[in-house]
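*Asks:* Let me begin by handing over the structure; questions about it come next.
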Amino acid sequence: MTTKTTTVHHLVDKRFVGVTPDGQRVMIDGEAEAKTGPNPMELLLNALGACAAFDVVEMLKKRRLDVQGYRIELSGERPDAVPAPYTHIHARHVFDVPGLDEKTATRFVDLAMNKYCSVASSLKAEISFEVALEVPAPQNV
């Protein structure tokens, strides 16, 4: 079993920075104006797209196909409620890969989105949460 970690630090209001153990940083912003980064649900869509794209690109490379361009355009539908999880995600894969036929592209995308992508699997999984609190004891004045 592998454990991944990250730390999310509060900066101000709804602005945070996520920091990985190796020092990689991502701004996470819930502010409506003057955003400095994506909000958590936008990050989730990006994580899903990047995860699938990693796998698709790897399969294309194994076929020795030249990836001149590739992107995934994602949109997610959420209810007007709290919480508001994604109930439907649409992913449009756009390829600029000479020699790639539609049958192979369909197979690679299906494998990436439905078999190999850990983010997609996590979205479908029953996940347990364990929470620990660290609150300073009140000080007598």
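Only the coordinates and a few stated rules stand behind these numbers; no lab work does. These numbers were taken from a predicted model, which means no experiment stands behind them. As a convention, Cβ positions derive from the backbone with ideal geometry for all residues, glycine included, and neighbour counts pool all protein chains shown.
*Asks:* Given the conditions (1) touching an Asp or Glu at 6+ places or on another chain (Cβ under 9 Å); (2) in a loop (DSSP other than H, G, I, E, B), report the number of the one that PRO21 does not fulfil.
*Replies:* Answer for PRO21: the failing condition is (1).
*Asks:* Something else about it: If you check SER118, SER128, which single one turns out to be loosely packed, with under 10 Cβ neighbours inside 10 Å and either of a type in the set (S, T, N, Q) or in contact with a strand residue (DSSP E or B) (Cβ under 7 Å, 6 or more places away or on another chain) (or both)? Reasoning before the result, please.
*Replies:* Numbers: SER118 fails: loosely packed, with under 10 Cβ neighbours inside 10 Å.
Going through SER118, SER128 in turn, the sole match is SER128.
*Asks:* Can you name the residue in segment 27-72 that is acidic (Asp, Glu) and surrounded by fewer than 14 Cβ atoms within 10 Å (Cβ to Cβ) and, of all such residues, is farthest from ARG107 (Cα to Cα)? Please lay out each step first, then the result.
*Replies:* Filtering segment 27-72 for residues acidic (Asp, Glu) gives 29, 31, 33, 42, 55, 58, 66.
Next cut, surrounded by fewer than 14 Cβ atoms within 10 Å (Cβ to Cβ) only: 31, 33, 58, 66.
Details: GLU31: 39, GLU33: 41, GLU58: 13, ASP66: 18 Å.
In this case the residue turns out to be GLU33.
*Asks:* Filter segment 98-112 for residues that are surrounded by 15 or more Cβ atoms within 10 Å (Cβ to Cβ) and either within 16 Å of GLY69 (Cα to Cα) or not hydrophobic (A, V, I, L, M, F, W, C) (or both) and give the result.
*Replies:* Step one: list which residues in segment 98-112 are surrounded by 15 or more Cβ atoms within 10 Å (Cβ to Cβ), which gives 100, 104-105, 108-109, 111-112.
Residues satisfying the conditions are LEU100, THR104, ALA105, PHE108, VAL109.
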